[in-house]
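The next block holds one structure in the form of structure tokens; read it before the comments.
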Protein chains: 2
Amino acid sequence: MTTADAPEPKVSVPSDKAPRTERGRKTLRKLLDAAALEFGEHGFHEASITGITRRAGTALGSFYTYFDSKDEIFRALVDDMSGKVREAAKKALEPPLPALDRERAALGAFLHFAREHKEIYRIIDECEFVDPAAFRAHYETTAARMTDRLRAGIASGELREDLGEAHAWAIMGMNVFLGLRYMVWSDEADPDKMAELACSILREGIARPRGD
Amino acid sequence: MTTADAPEPKVSVPSDKAPRTERGRKTLRKLLDAAALEFGEHGFHEASITGITRRAGTALGSFYTYFDSKDEIFRALVDDMSGKVREAAKKALEPPLPALDRERAALGAFLHFAREHKEIYRIIDECEFVDPAAFRAHYETTAARMTDRLRAGIASGELREDLGEAHAWAIMGMNVFLGLRYMVWSDEADPDKMAELACSILREGIARPRGD
């Protein structure tokens, strides 16, 4: 299964709390977007439920329609952000591409997303402390999607036959650090050029070409 | 400047508090080792100064000889761990090596270190929240050392001439994620084999060799 086949991400609220109306879905969306800003700015410990509802412009009661606690909306937010990253990559992968172009497109989509949603790093990283299992799940599912893509590239004869899960973790780490350094900590680098730079390592390594 | 030329790491306590005797240095070492365990197990917020002195087997007064607060020993610990990682890499790089073997040796040393000091991830990662400037400095100095190594490899004609700081960040991210997944979260993988796997990406990329 490639990333393009991944199921639609769902906002993870307990099933008895899932919104049933369009208006409810909009309120839930507002709460999650407000939570991203609140947790991104203040961190988990300093963030407050009233800070979230104030930013969302909703009543406190609306919050409790969907979530029981700050922990619960934080977890839902991590799921929501994982889903958004997945969606961004999925769109970039819609036209079928050669294996290496696929990695460049997925990374480019991720870097654009990180530039637009700088708070994602702080939220995912803080998740390591607030909810270690969700932190692990976020990276494990991302690595699993990448491993699937590598396997598709092996099957098509484009990629080295010995690639596996560990190579996916290596590539994911590369992407995460480039995003942190060049999309979040500074604004100068062009996401597409940065994706090509990373892709050049995957295409040819870092050694000087023989015969040069 | 290669890693091998890096200055000796120093334990960062304010200069008026630096131990003057061998006994003092030993006490400071005990406190830092105890702090690594305490912060690694409980995290910054739940960790306590008495938890640290209990583990170190020292009196509370000894703590305040060297540190004013939990924040201060946490910062000193991050510096201390950065220094230890640097020392481990430095040792591995003592015999002069070809450029790619140098990257494999440095990564192998880091992976061995991570396996032996699993708490390093939690401590460095939590530093993002406790002391963002120190978190950034940790990765920036590591990337600067790697960039220097890449430049030395360009100068010797072994590496691609277009390599720079961003490639160092990519390689560092690869290493950090392989360490997290295969040294800290599980114990099966051999550090040296994992270093060779990463090095194979740097040597040849992930594409199927032409003519295969």
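Some observations on this one:
- Sorted largest first, the principal axis extents computed over the alpha-carbon atoms of the protein assembly as shown equal 72, 62, 40 Å.
- Across peptide B:196-205, the average count of Cβ atoms from other chains found within 10 Å of a residue's Cβ is 6.
- Cα-only Debye scattering, chain A: base-10 log of I(q)/I(0) at q = 0.09, 0.10 Å⁻¹: -0.40, -0.49
- Taking all protein chains into account, the per residue accessible area for the range A:69-206 stands at 36 Å² (1.4 Å probe).
- Using Cβ point charges alone (K and R +1, D and E -1), the dipole size of the range A:16-68 about the Cα centre works out to roughly 360 debye.
- Debye intensity ratio I(q)/I(0), log10, the range B:146-212, q values 0.14, 0.25 Å⁻¹ (C-alpha model): -0.53, -1.11
- Accessible surface of residue A:184 - all protein chains present, 1.4 Å probe, nearest 10 Å²: 30 Å²
- Value at 222 nm in deg cm²/dmol, rounded to 500, when DSSP H runs of n ≥ 4 in chain B each add -39,500 (n - 2.57): -23000 deg cm²/dmol
- Each Lys and Arg Cβ is given +1 and each Asp and Glu Cβ -1; about its Cα centre, the protein assembly as shown then shows a dipole of about 260 debye.
- Label spacing, shortest first and in nm, from residue A:21 to its equivalents in the remaining copies (7 angstrom along Cα→Cβ): 7.6
- Given R0 = 45 Å, the distance between the Cβ atoms of residue A:25 and residue A:148 translates into a calculated FRET efficiency of 0.90.
- Dipole magnitude of chain A about its Cα centre (Cβ charges: Lys, Arg +1; Asp, Glu -1), debye to nearest 20: 500 debye
- 14 Å beta-carbon shell around residue A:34, net charge (K/R +1, D/E -1): +1
- Other protein chain Cβ atoms within 10 Å, averaged over every residue that makes up B:120-129: 3
- Listed residues A:159, A:112, A:200: farthest to the positive end of the dipole of chain A (Cβ charges): A:112
- Förster radius 22 Å - calculated FRET efficiency between residue A:50 and residue B:45, Cβ distance, rounded to 0.05: 0.50
- Average partner coverage of A:159-172, which counts Cβ from other chains inside 10 Å: 6
- Efficiency of FRET between residue B:64 and residue B:140 - r from beta-carbon atoms, R0 30 angstrom, step 0.05: 0.45
- The modelled label-to-label distance for the pair residue B:97/residue B:190, using points 7 Å beyond Cα in the direction of Cβ, is 1.6 nm.
The values are calculated or read from the model by the stated rules, or taken from the named source; none is laboratory data. Keep in mind the model is a prediction, meaning the values are calculated, not measured. All Cβ positions, even for glycine, are placed from backbone atoms using ideal geometry, and neighbour counts span all protein chains on display. Note: accessible area is taken over every heavy atom of the protein model, side chains too, but ligands, DNA and RNA are not part of it. Shrake-Rupley method; radii C 1.70, N 1.55, O 1.52, S 1.80 Å.
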